[in-house]
Amino acid sequence: MRTKEADDRATLKRRVEEVVAGICAAHGAGFSFDWQSGYDAVRNDDTMAELAFGSAAKAVGDDRVSWGPATSASEDFTAYTAAVPGCFLFLGSGDASEGFPFQNHHPYFDIKEAALIPGARLEAQLAGWPKSRVLAEGGGLSDREALLLSWLAYCPAHS
């Protein structure tokens, strides 16, 4: 079960067990659960979200950045944001009108490769590589440099 709040998850687990116990008791049956807890829902830090939004605008242009609706995304990223403030963001990678009808995690997902360069620029901008150069499209970094710096931002030896 996916919830946005840990307390809600605990409540749901308790209530499911109570309901199942009642149904089983009424029919003389037994039950057992093997609960598998996944990751909590991602919760963005407000300051980091504002920083990411500003960085995205610098990297790809104001007209290509927007706030999205809240989602119940949950994944291992929450382990990072439990330790340090962070922000989860989405990079557009094409839609059905462009010939990319499947979203990530779908077995037929395909990415609009033109999204990779702006994505790399955004990652380099977020990582602050290099602080003295403009990362806006057509700015101080070539596409190749942006991709390389994006990769370096994730290498522990360079962070």
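Only the coordinates and a few stated rules stand behind these numbers; no lab work does. The structure displayed is predicted, hence computed values, not measured ones. Note that each Cβ is placed from the backbone with ideal geometry, even for glycine, and that neighbours are counted across all protein chains shown.
See the values below:
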quantity	calculated
Translational diffusion coefficient (Stokes-Einstein; Kirkwood radius from C-alpha pairs) of the range 1-127 at 4 °C, 1.567 mPa s, in µm²/s	72
Order of ARG9, ARG121, ARG2 under a 10 Å beta carbon neighbour criterion, fewest first	ARG2, ARG9, ARG121
Virtual spin-label span in nm between LYS13 and TYR39, 7 Å along Cα→Cβ	1.9
Fewest-first ranking of ARG14, ARG64, using other Cβ atoms within 10 Å as the exposure measure	ARG14, ARG64
³J(HN,Hα) computed for each position of the range 83-88 - Karplus, 6.51 cos²θ - 1.76 cosθ + 1.60, integer Hz, glycine/proline x	9, 9, x, x, 8, 9
The range 1-48: GluC sites (Glu not before Pro) in DSSP coil with no more than 11 other Cβ atoms inside 10 Å	GLU5
Fewest-first ranking of CYS87, CYS24, using other Cβ atoms within 10 Å as the exposure measure	CYS24, CYS87
Full-extension gain in nm, ALA6 to ASP110, via 0.36 nm per residue minus C-alpha separation	34.1 nm
Contour minus Cα-Cα distance for ALA83 and SER32 (0.36 nm per residue)	15.0 nm
